[in-house]
Amino acid sequence: MPDSEYPFCSEGWAETKFRTGPIQNTEIKGETQAQFDALLSRFLEDHKPEGPTEEHLVRHLADLDWRISRIVILEARALQADPTGKSLGTFGIYSKRMSSEFQSTLKTLHAEQAPRLLALTQQYRLSVLLREYRKRENIDWDPGEMGFVFSKQNIDRQIEANKTWDRDLRKPIMHATTRWQDELFMKFDL
């Protein structure tokens, strides 16, 4: 990804510096844009953002995680430079502040994603019910025809799991399931 996509590192990540406080203008040799890009990719894969707001929040989480991990390195260097450890308190304050901001951003991201994820789970449940009905009636049905993003294979796996629950738990043919059961195979399509 080009550097211009990172509002916080227009010059490339390796040259990024803390902008205020006692650790301003601190560079850590060996840091590369590729390392940050790999971290960002893991965050994007983990949180699967949709839209600019979610993408911004996930990028911010990756930025905070990167900065928090840098503090450990900077603490070690500060301790080598000053064995009395006078500056360690400052690093602790920065670390605590960034960890708090990380948790706050994560909470905001989850709140932003909640309505979309709820709608997806409702669509998944509906697609399972429709697929099961159509299979019983021997009607071929592609979930994509109705705009569902779930694959036939995973919906069929869900149906089989529901039947197993019913059989093992001696439930009626109507496959009453919990939200957890409904979402068992949904994650493979997202």
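Residues of region 57-96 with backbone nitrogen within less than 20 Å of a virtual label 7 Å along the Cα-to-Cβ line of Ala34, please, listed as ranges.
66
List the GluC sites (Glu not before Pro) within region 88-155 that DSSP assigns to loop and that have no more than 10 neighbouring Cβ atoms inside 10 Å.
Counting only loop positions with at most 10 other Cβ atoms within 10 Å, the GluC sites (Glu not before Pro) in region 88-155 are Glu137.
Calculate the FRET efficiency for Ile139 and Asp189 from the Cβ-Cβ distance with a Förster distance of 25 Å, rounded to the nearest 0.05.
So the FRET efficiency works out to roughly 0.70.
For labels at Thr121 and Lys107 in the simple 7 Å Cα→Cβ model, what's the distance in nm?
2.0 nm
With the cut-off at 26 Å, tell me which of the pairs Lys29/Lys86; Lys96/Lys187; Lys29/Lys96 have Cα atoms farther apart than that.
Lys96/Lys187
Sort region 116-189 into rounded, prolate or oblate with this rule: let a ≥ b ≥ c be the square roots of the eigenvalues of the Cα gyration tensor; rounded if a/c is under 1.5, and if a/c is not under 1.5, prolate when a/b is larger than b/c, oblate otherwise.
oblate
When only C-alpha pairs under 8 Å and at least 6 residues apart count, what is the relative contact order of region 116-189, in percent?
About 35 percent, as a whole number.
At most 16 other Cβ atoms within 10 Å and a DSSP loop assignment: could you name the trypsin sites (Lys or Arg not before Pro) in region 48-155 that fit?
Lys86
Cα to Cα, under 12 Å, and not fewer than 8 places away if on the same chain: which aspartates and glutamates meet these conditions relative to Lys107?
Glu54
Readers should treat all values here as calculations from the given coordinates under stated rules, not as data from a laboratory. If you're wondering where the values come from, they're calculated on a predicted model, not measured in any experiment. Neighbour counts are summed over all protein chains in view; Cβ atoms, including those assigned to glycine, are modelled from backbone coordinates with ideal geometry.
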